[in-house]
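> Structure below; questions to follow.
Each reported figure results from applying straightforward, stated rules to the coordinates on display, with no laboratory input. What you see is a predicted model, and the numbers here were worked out from it, not measured in a lab. Using ideal geometry, Cβ is built from the backbone for each residue, glycine included, and neighbour counts are taken over all protein chains shown.
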Amino acid sequence: MSYQTGVGQRTAVVTGAAAPRGIGFATARRYAAEGWAVALLDIDAEGVEKAAEALRGEFFVPVVGLKVDVTDEGSVAASVEAVAATGLPPVGALANIAGVASPVPFLEVQLSEWHRVLDINLTGTFLMCRAYLPQMIEHGYGRIVNMSSVSAQQGGGVFSKTPYSAAKAGIIGLTRSLAREMAPHQITVNAASPGVVDTDIRSGATDPENEARLAAAVPIGRQGTPEDIAALFVWLSSEDASYITGTTQNINGGAYIA
């Protein structure tokens, strides 16, 4: 069966896409709604297949779910081959969303925690970009959107602390440098920098009073939703965003204005 997507038969690869209330799944769903073929990647094999099945049942586009560990070079490389083997169209967009929070105070941070947070958030983004860029260059179209955070810009202050802020700041630097290198290939690279978003990432480490406090600190008066962030990712992947690269797009309801 052949599929025609709204963007000329291109595939969007989304990491961290298994959680039903996560930004990754919302972004994958938005790509599918706009006609992209979608490859959902996550370390949760059962969860990512359920997520893919849900999208296949809702949208008439090809969708696959694959177990991938973004911190493992071999796993990431295997995902490139696996996506190609499914017969999906060429990859035109990469949404690097896989990440973990870390609310541990700095003086209590063990080296293992430091490596865990940087490996998943930053090294995972690096490995995914390096793996998928060659085919973007070959096919003459590429949009990469990396997940940063307002924590990188203001030094925490939302939920996660120093390791997370450092990792997300590294993503901004990676995004800017990669954008400069990839521009001659007409490939754009941007970062999304959300503020507080209503997902399960803070599950077990927060309470309704704290959640209300976080929302009250946002000038617009509410937390962001996964769908808010998804809309930005997909728009930055579009033809309309072809002249935007190397940017950090603040999406925080006015909580951080720069």
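> For S238 and T86, calculate 0.36 nm times their separation in residues minus their Cα-Cα distance, and state this gained length in nm to one decimal.
Values: separation 152, 0.36 × 152 = 54.72 nm, distance 2.33 nm.
This chain segment gains 52.4 nm when fully extended.
> Here is a follow-up. Hey, what did the chain get for relative contact order, percent, Cα under 8 Å, at least 6 apart? Don't skip to the answer; put the middle values down first.
Working: 540 pairs, mean separation 48.8, N = 258.
In percent, rounded to a whole number, it is 19.
> Given the DSSP H assignment, sum -39500 (n - 2.57) over each helix run of at least 4 residues in the chain and divide by its residue total; what's the result at 222 nm in deg cm²/dmol, nearest 500?
Working: 9 runs with 108 residues, N = 258.
That calculation yields -13000 deg cm²/dmol at 222 nm.
> Among V150, I257, S177, which residue has its Cα positioned farthest towards the positive end of the charge dipole of the stretch 110-258, with +1 placed on the Cβ of Lys and Arg, -1 on the Cβ of Asp and Glu, and the dipole taken about the Cα centre?
S177
> Okay, next question. Assuming R0 = 35 Å, can you tell me the calculated FRET efficiency for the pair A77 and K50, based on Cβ-Cβ distance, to the nearest 0.05? Let's see the in-between values first.
Working: r = 25 Å, r/R0 = 0.71.
With R0 = 35 Å, the Cβ-Cβ based efficiency is 0.90.
> Rg over Rh of the stretch 1-113, using C-alpha atoms and the Kirkwood radius, what does it come to? If you can, show how the numbers build up before the last one.
Values: Rg = 15.2 Å, Rh = 14.5 Å.
Taking Rh as the inverse mean 1/r over Cα pairs, Rg/Rh reads 1.05.
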